[in-house]
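A.B. asks: One structure follows; several queries about it will come next.
The values are calculated or read from the model by the stated rules, or taken from the named source; none is laboratory data. Since the structure is predicted, the reported quantities are computational estimates derived from the model, not experimental observations. FYI the Cβ positions are ideal-geometry reconstructions off the backbone, even for glycines, and counts take in every protein chain you see.
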Amino acid sequence: MTSTWSAHFDRLILSVAKPKWQKVAMVIVKARMFAEKTNFKMSDGALAARISALCMEGRLESQGNLSRWRHSEVRLPAKGDHGYRESKRLRSIPKVARLRSR
């Protein structure tokens, strides 16, 4: 996928993402529906791959296994948060244990 397509997918996904948690499946459906209105076709798998990439870049936050679209959620980072924020699950693990596991 070229960087132009990636940037287009990213803008599309970020435009339908919200600050509150949403199921990954819902974000994919909303993005696809919006794209179809503009006669732009894309696969659900391509959207899911870009959602994963946006989470890794810190432009979206996630919880759950992103490969299970109906069982994971994403949201926009909180205002003033300029990058990756640890999930609740990771924060609940004592810091010493997290350092040892690296």
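A.B. asks: Only residues that are surrounded by fewer than 16 Cβ atoms within 10 Å (Cβ to Cβ) and either touching a residue at least 24 places away in the same chain (Cβ under 8 Å) or under 16 Å from A31 (Cα atoms) (or both): list them for the range 53-62, please. Full working, then the answer.
C.D. replies: Going residue by residue through the range 53-62, those that are surrounded by fewer than 16 Cβ atoms within 10 Å (Cβ to Cβ) are 56-58.
Of everything in the range 53-62, just one residue is surrounded by fewer than 16 Cβ atoms within 10 Å (Cβ to Cβ) and either touching a residue at least 24 places away in the same chain (Cβ under 8 Å) or under 16 Å from A31 (Cα atoms) (or both), namely G58.
Quick grid of which residues meet (1) surrounded by 12 or more Cβ atoms within 10 Å (Cβ to Cβ); (2) touching a Leu at 6+ places or on another chain (Cβ under 6 Å); (3) outside any helix (DSSP H, G or I); (4) modelled with pLDDT of 90 or more:
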| position | (1), (2), (3), (4) |
| --- | --- |
| M1 | no, no, yes, no |
| S15 | no, no, no, yes |
| K18 | yes, no, yes, yes |
| I28 | yes, yes, no, yes |
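A.B. asks: If we keep just the residues of the range 30-50 that are of a type outside the set (G, A, S) and in contact with a helix residue (DSSP H, G or I) (Cβ under 6 Å, 6 or more places away or on another chain), which is surrounded by the most Cβ atoms within 10 Å (Cβ to Cβ)?
C.D. replies: Only one residue tops the list, namely R50.
A.B. asks: When the residues of the range 1-33 are filtered to those that are closer than 23 Å to G64 by Cα and among the polar types (S, T, N, Q), which remaining residue is nearest to the chain's Cα centre (by Cα)?
C.D. replies: Among those residues, the one meeting the criterion is Q22.
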